[in-house]
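Here is the structure we will look at, set down as structure tokens.
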Amino acid sequence: MPEPPPYEAEDAIAGMGAGGAADLATAAGETLQKPPDVPPGTSPAERCSSAASGERARSLWSDAWRDLRRNPVFIVSALIILFLVFISLWPSAVASGSPLTCDLAKAQEGSQPGHPFGYDGQGCDVYTRTVYGARTSVTVGVLATLGVALLGSVLGGLAGFFGGTWDSILSRTTDVFFAIPVVLGGLVLLSVVTSDTVWPVIGFMVLLGWPQISRIARGAVVTAKQNDYVQAARALGATDSRILLRHIAPNAVAPVIVVATIALGTYIALEATLSYLGVGLKPPTVSWGIDISAASPYIRNAPHALLWPSGALALTVLAFIMLGDAVRDALDPKLR
């Protein structure tokens, strides 16, 4: 019997008919274009919807949130901050009694049942004052950060978008504010304030804190407005306000969020420093800085009165700095 002719791929394709090669190419193209997660028989509209949802899932914010959930530093710092927020809103849930109730007969005494942190130099419960001090520190830090971020973002964003004379004026103004030492400025400005509320301290922080956020926002806006999608929107006739709010602001807000998160812990430490120096918050306001200042003369006889509020302050500042570092790593594409 004669042997069959050798197998040739070209003959096999040709044997499929005139449309065999074209049909095979079309099938291969459909296989390459079909998303791997779309089941067979899906309509073209459903495929487009699935592709669109896949693109949304790969946005910067969704990727950042996915990375944050896997970051143990973010989880630990977020839990600490949530606990601080909880005791700031409901301090009586974890501390019974009033932080202003003192008994001189128990001054500088150590830990006792029901009073785990002991008493300070005035006979006040250190545990209760430490818990209630979180409310003041968190309030000052959050409000100061919001004011700084809002003022700095608006001024820096407008300067970076419009440029020209407005940009030059803002740059020179920020240089002047950067030349003012923060602590020295607080001693000068707050020493003439007689109010015992938190607003003078918050106003001082906003006054000297906005230049840093302003420069960050300006740089982010200058970088974002050079992208192709901004030029395309301008070519299509979009107004300046629409370009700034719809196209530039969402892509320039990430650096501002990172810097503001880290700065929040700095503002809490600054409030404690000013209160320690006697120009920040004043009694009867309960503050970690006030307690640290009052316990300093008794550090040899009652070190616990100084260590507990100092430890709470250090832990709070560290938690916000760790949170800011985790957010920065998640939002920076260069670190992925």
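The values are calculated or read from the model by the stated rules, or taken from the named source; none is laboratory data. Small disclaimer: the values here were computed from a predicted structure and weren't measured. Here Cβ is always computed from backbone atoms with ideal geometry, including for glycine, and neighbour counts include all displayed protein chains. The protein model used for the area step is the full one, side chains on, heavy atoms only, and it has no ligands, DNA or RNA in it. Shrake-Rupley method; radii C 1.70, N 1.55, O 1.52, S 1.80 Å.
Miscellaneous remarks
- PRO200 being at pLDDT below 85, part of a helix (DSSP H, G or I) and within 22 Å of ALA263 (Cα to Cα): no
- The lone exception for SER111 - which of (1) among the polar types (S, T, N, Q); (2) open to solvent by less than 30 Å² (accessible area, probe 1.4 Å); (3) closer than 22 Å to SER296 by Cβ it fails: (2)
- Looking across ALA254, ALA217, ALA238, one residue alone is over 22 Å from ALA269 (Cβ atoms) and in contact with a Leu (Cβ under 7 Å, 6 or more places away or on another chain). It is ALA254.
- The criterion of at least 3 residues that are under 18 Å from the mean Cα position of the chain (by Cα) and of a type in the set (A, V, I, L, M, F, W, C) is met by the following helices (runs of 4 or more DSSP H) wholly inside the stretch 211-328: 249-277.
- Flag for THR266 being surrounded by fewer than 21 Cβ atoms within 10 Å (Cβ to Cβ), free of Cβ contacts under 8 Å to residues at least 12 places away in the same chain and over 30 Å from TYR119 (Cβ atoms): no
- Residues being assigned to a helix (DSSP H, G or I) and open to solvent by 70 Å² or more (accessible area, probe 1.4 Å) - total across the stretch 67-92: 10
- The stretch 108-121, residues that are outside any strand (DSSP E or B) and modelled with pLDDT under 90: GLN108, GLU109, GLY110, SER111, PRO113, GLY114, GLY121
- Among residues of the stretch 184-206 that are more than 21 Å from GLY265 (Cβ to Cβ), those with a Cβ under 7 angstrom from a residue that is hydroxyl-bearing (Ser, Thr, Tyr) and not in a helix (DSSP H, G or I), sequence gap 6+ or separate chain, pair up as ASP196/THR285.
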